[in-house]
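Data block below; observations after.
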Amino acid sequence: MHCEIKQSSVNDVAALCQLAADTFYETFRPYNTEEDIQAYIKKAYDTQVISVQLANTQQYYFAIASVNGEVVGYLKLIFNQTHPKLSGKVAELEKIYVLKSYWDTKTGAALMQQAIQVCKQHGFEKLFLGVWQENERAVNFYRKFGFEVFDTRQFQLGERWCEDYMMKLTL
């Protein structure tokens, strides 16, 4: 399967919002209530919110992955982030998701390579992310790219508090 990756624009807002909602739902619904998942999706993947972010290419970078013309994954970077335990020029990989039916197609790896390449092109020294500690598949995926745990944080999804690893990659 050949995966094509392109930088997203405001023209991709509808497809991006739908993909984001779908991938978040299938990834986290088994662990959370329907109400909590729907509330998060409504807030985080609102078309107005995503449209504003897509238009701000100085702060955000989105890319979508397609296989045979079907949009199957995406990533979101936030440039010029800070973290008390990181120094230098830092970016955050806030989102990287692939539809479950495409997990074993190397689409996630292609998206990660895109994220790393974009960060290097923009002169970032470090890339960091947060990942739910119980998501062993994702943690192992990030480790394969050289990410290492440097901190933890709590993330609230509705009524539930989740423990996240904070992982970094020196570029």
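Here are some notes:
- Under 25 Å from residue 144, Cα to Cα: lysines that are on another chain or at least 8 residues apart: 6, 76, 85, 89, 95, 100, 106, 120, 126, 168
- Residue 159 sits among other residues whose Cβ lies under 14 Å from its own Cβ, and their net charge, with Lys and Arg +1 and Asp and Glu -1, is -2.
- Entry note, segment 3-170: relative contact order of 20 percent, from Cα contacts under 8 Å with a spacing of 6+ residues.
- Each other residue within a Cβ distance under 12 Å of residue 141 adds +1 if Lys or Arg and -1 if Asp or Glu, for a net charge of +2.
- For segment 71-85, 3J(HN,Hα) computed residue by residue from phi via the Karplus equation (6.51, -1.76, 1.60; θ = phi - 60°) reads 6, 10, x, 7, 9, 9, 10, 10, 7, 6, 8, 10, 8, x, 9 Hz, glycine and proline entered as x.
- Rg [Å, one decimal], Dmax [Å, integer] - segment 57-115, C-alpha atoms: 13.2, 42
- Sorted on the mean count of surrounding Cβ atoms within 10 Å across their residues, most packed first, peptides 152-161, 119-128 read 119-128, 152-161.
- Calculated Rg and Dmax of segment 113-171 using C-alpha coordinates, Å: 12.7, 39
- Multiplying the residue separation of residue 154 and residue 9 by 0.36 nm and subtracting their alpha-carbon distance yields 49.1 nm.
- Matching the structure-derived volume of the Cα convex hull per residue in Å³ against the labelled list (1) 139; (2) 111; (3) 153 gives the label (2).
- Local electrostatic count, residue 63, Cβ distance below 9 Å [Lys/Arg +1, Asp/Glu -1]: +2
- Gain upon complete extension [residue 87, residue 120; 0.36 nm per residue less C-alpha separation]: 10.3 nm
- Distance from segment 3-75 to segment 139-154 (C-alpha centre basis), Å: 22 Å
Since every read-out is calculated from the coordinates, none of them should be taken as a lab result. Given the structure is predicted, the values throughout are model-derived calculations rather than measurements. Backbone-built Cβ (ideal geometry, glycine too); neighbour counts: all protein chains shown.
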